[in-house]
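**Q** Dropping the structure in here first, questions after.
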Amino acid sequence: MSGESLRLEFRRQVRERVLTTAHEHTVERGWERVRVGEVAVDSGVSRPTLYREFGNKDGLGEALMNREAERFFAAIRDALAQHEDVARAIAAATRLTLEEAADNPLLRAVLTGSRSGDAGLLPFLTSRSESIRESARALLATWFEQRMPELLPSTVEETVDAVVRLVISHVVAPALDPVDVGERVAHLVSALVRPKN
């Protein structure tokens, strides 16, 4: 392994350690009470190293939510791949997303914290979630393009945007059973990708 690859691996390990510690602190205390200095100490890294890697607490929060989103995206890819039928695949992926979100300790801390006034990480799911939304859009767009290559790019874009926004809204403000939401989103997708006569 070269010196450069050793440095990159060390940096990746430090980053993971810090994010794991920040995750634990957030689940235990809520994001408002997470202190960057405590995360550094509990991670075994210096404050300057943490700040160099993440910039500030917002940068740490964004990285934390992005890491969690990547875990979701891996599970969503698997759910989509298990179904030949487009509507069934979308229903399964939607249901999985909502069930995982409900059971995820970090998301639960973010969402319940926001209801009690700790909205610190909530914007990374809503108003400041552009990187998460873009990753979700890219995942779904690629899947649609592979599964239904006959679709116009504009149809893919409109469908993907509708699905991503709708599912995120149900993650943030759950009101229906995940199975019902999955069926509704699948019905919407079927209508949007239906060939026009």
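The values are calculated or read from the model by the stated rules, or taken from the named source; none is laboratory data. Source: prediction; values computed, not measured. Virtual Cβ from ideal backbone geometry, glycine too; neighbours counted across all protein chains shown. The accessibility values were calculated without ligands, DNA or RNA, using every heavy atom of the protein model including side chains. Shrake-Rupley method; radii C 1.70, N 1.55, O 1.52, S 1.80 Å.
**Q** Does region 86-93 contain at least one residue that is under 15 Å from the mean Cα position of the chain (by Cα) and crowded, with 16+ Cβ neighbours inside 10 Å?
**A** Taking region 86-93 first, the residues under 15 Å from the mean Cα position of the chain (by Cα) are 93.
Restricting the remaining residues to those that are crowded, with 16+ Cβ neighbours inside 10 Å gives 93.
For region 86-93, residues under 15 Å from the mean Cα position of the chain (by Cα) and crowded, with 16+ Cβ neighbours inside 10 Å: present.
**Q** Taking region 166-187 on its own, how many of its residues are open to solvent by 80 Å² or more (accessible area, probe 1.4 Å) and of a type in the set (Gly, Ala, Ser)?
**A** Residues that pass the stated criteria total 1.
**Q** Give me a count of the residues in region 49-65 that are surrounded by fewer than 18 Cβ atoms within 10 Å (Cβ to Cβ) and either of a type in the set (D, E, K, R) or under 18 Å from the mean Cα position of the chain (by Cα) (or both).
**A** Of the residues in region 49-65, 5 are surrounded by fewer than 18 Cβ atoms within 10 Å (Cβ to Cβ) and either of a type in the set (D, E, K, R) or under 18 Å from the mean Cα position of the chain (by Cα) (or both).
**Q** A follow-up question, please. Scan region 18-44 for residues that are open to solvent by 20 Å² or more (accessible area, probe 1.4 Å) and over 19 Å from the mean Cα position of the chain (by Cα) and report the count.
**A** Result for region 18-44: 9.
**Q** Moving on. Would you mind listing the helices (runs of 4 or more DSSP H) fully within region 1-61 where at least 3 residues are among the hydrophobic types (A, V, I, L, M, F, W, C) and out of contact with any Pro (no Cβ under 7 Å at 6 or more places or on another chain)?
**A** 3-29, 36-43
**Q** Which pairs have Cβ atoms under 6 Å, sit 6 or more apart or on different chains, and link a residue in region 31-59 that is aliphatic (A, V, I, L, M) to one that is open to solvent by 80 Å² or more (accessible area, probe 1.4 Å)?
**A** Within 6 Å, the pairs are 40/47.
**Q** Is it the case, given these coordinates, that residue 68 is within 22 Å of residue 7 (Cα to Cα), at pLDDT below 95 and open to solvent by less than 70 Å² (accessible area, probe 1.4 Å)?
**A** No.
**Q** Follow-up. Quick one: in region 145-165, which of the residues that are outside any loop (DSSP other than H, G, I, E, B) and open to solvent by 70 Å² or more (accessible area, probe 1.4 Å) is farthest from residue 96 (Cα to Cα)?
**A** 153
Yes or no, residue by residue, for (1) at pLDDT below 95; (2) part of a helix (DSSP H, G or I); (3) within 17 Å of residue 182 (Cβ to Cβ):
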site: 74; (1), (2), (3): yes, yes, no
site: 88; (1), (2), (3): no, yes, yes
site: 93; (1), (2), (3): no, yes, yes
site: 101; (1), (2), (3): yes, yes, yes
site: 106; (1), (2), (3): yes, yes, no
site: 112; (1), (2), (3): yes, yes, no
site: 117; (1), (2), (3): yes, no, no
site: 126; (1), (2), (3): yes, no, no
site: 143; (1), (2), (3): no, yes, yes
